[in-house]
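To start, the structure under review is shown below, and the notes come after it.
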Amino acid sequence: MATTDRPEQGPLLTSLRSPRVTAARRLARRAQRTKERRFIAEGPQAVREAVAHGPVPGTGEHAVVEIYTTPEAAERHAEIVAAARAAGVPVLTATTEVIADICQTVTPQGIVGVCRFVDTPFDAVLAARPRLVAVLANVRDPGNAGTVLRTADAAGADAVVLTDASVDLYNPKAVRASVGSLFHLPVAVGVPVAAAVAGLRAAGVRVVAADGAGDRDLDAELDDGALGGPAAWVFGNEAWGLPEETRALADAVVRVPIHGHAESLNLATAAAVCLYASARAQRVAGGCRAGG
């Protein structure tokens, strides 16, 4: 039997072989996500932000296709359920086993959303005249990609760009690591590095490559007032950083100073330091965000 009657919350979905559950579980595969342009958002924070996102621009369709929740999670997060239903999003109650099967995690949080892709065309990012952008060039680790997206959101960045050689934005680990930030700011995907740099520069944005071997020091950039204008930080692969051809495209190659004995910083930490440095510089007197 696929469902059990629960008049107060609707039928309880119990079967792992239900066509709906099977369809949701298939979204663990990138090919299926790409084909359907749908992905899984797991946990109350991600689902809350997905519901708050509203329609996907240009489609008229809500970002959330449907939500699965255990009865206990539905009571614990009643405001999410109410907001979803008010937006016309179907909410289905299911067992913990069904939720775990969809999420494919050991300790599911009891609520999961099937969502439509929400990425933004690169041309639209440029048209908005961004002042702070994070560009992920050949970043392959989904946890790092999601964490940098969350960091960019926290720093007040206007957009994130994932190059064509980077990890899938909708990889479940990347979505979890973004902790809902995926739904907060424009993210462009599949952009070649050269096209990203050229487009940003044409939009009046200074392109800064973050690299441990950079000839400029982040402290010097701040002291010289070089970070007060619009900036796009380019971050490279976790293992080998930025190749020479990518560094050559940038207006400056900047290193984060190491004042102690650590050999280096990991990608997410370096991104946080650089993005917050720009955010700070842009908000002081004379910066591009000063007074606004």
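Values for this structure:
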{"read-out": "Residues of region 23-38 satisfying the condition of being open to solvent by less than 30 Å² (accessible area, probe 1.4 Å) and within 17 Å of Leu92 (Cα to Cα)", "value": "Ala24"}
{"read-out": "Yes/no for Val51 being farther than 19 Å from Thr95 by Cα, out of contact with any Cys (no Cβ under 6 Å at 6 or more places or on another chain) and crowded, with 20+ Cβ neighbours inside 10 Å", "value": "yes"}
{"read-out": "Filter pass, Ala165 being free of Cβ contacts under 8 Å to residues at least 40 places away in the same chain, within 30 Å of Cys274 (Cα to Cα) and not in a helix (DSSP H, G or I)", "value": "yes"}
{"read-out": "Segments classed as helices (runs of 4 or more DSSP H), wholly inside region 65-154, with at least 2 members that are more than 16 Å from Tyr170 (Cα to Cα) and at pLDDT below 95", "value": "96-103"}
{"read-out": "Residue check, Ala198 open to solvent by 30 Å² or more (accessible area, probe 1.4 Å), farther than 24 Å from Ala52 by Cβ and touching a helix residue (DSSP H, G or I) at 6+ places or on another chain (Cβ under 9 Å)", "value": "yes"}
{"read-out": "Residue within region 76-95 that is in contact with a Lys or Arg (Cβ under 7 Å, 6 or more places away or on another chain), within 27 Å of Ala152 (Cα to Cα) and of a type outside the set (A, V, I, L, M, F, W, C) present", "value": "no"}
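Residues checked against (1) open to solvent by 20 Å² or more (accessible area, probe 1.4 Å); (2) in contact with a Pro (Cβ under 8 Å, 6 or more places away or on another chain); (3) touching a residue at least 24 places away in the same chain (Cβ under 8 Å); (4) under 30 Å from Leu16 (Cβ atoms):
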{"position": "Pro108", "(1), (2), (3), (4)": "yes, no, yes, yes"}
{"position": "Val112", "(1), (2), (3), (4)": "no, no, yes, yes"}
{"position": "Val125", "(1), (2), (3), (4)": "no, yes, yes, no"}
{"position": "Leu132", "(1), (2), (3), (4)": "no, yes, yes, no"}
{"position": "Gly156", "(1), (2), (3), (4)": "yes, no, yes, no"}
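Residues checked against (1) crowded, with 19+ Cβ neighbours inside 10 Å; (2) in contact with a strand residue (DSSP E or B) (Cβ under 6 Å, 6 or more places away or on another chain):
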position	(1), (2)
Gly228	yes, no
Phe235	yes, yes
Glu238	no, no
Glu245	no, no
His261	no, no
Tyr276	no, no
Ala290	no, no
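Residues checked against (1) touching an Asp or Glu at 6+ places or on another chain (Cβ under 6 Å); (2) part of a helix (DSSP H, G or I); (3) under 21 Å from Val161 (Cα atoms):
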residue	(1), (2), (3)
Lys173	no, yes, yes
Gly190	yes, no, yes
Ala196	no, yes, yes
Gly229	no, no, yes
His261	no, no, no
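The values are calculated or read from the model by the stated rules, or taken from the named source; none is laboratory data. If you're wondering where the values come from, they're calculated on a predicted model, not measured in any experiment. Using ideal geometry, Cβ is built from the backbone for each residue, glycine included, and neighbour counts are taken over all protein chains shown. The area values use the complete protein model at the heavy-atom level, side chains included, leaving out ligands, DNA and RNA. Shrake-Rupley method; radii C 1.70, N 1.55, O 1.52, S 1.80 Å.
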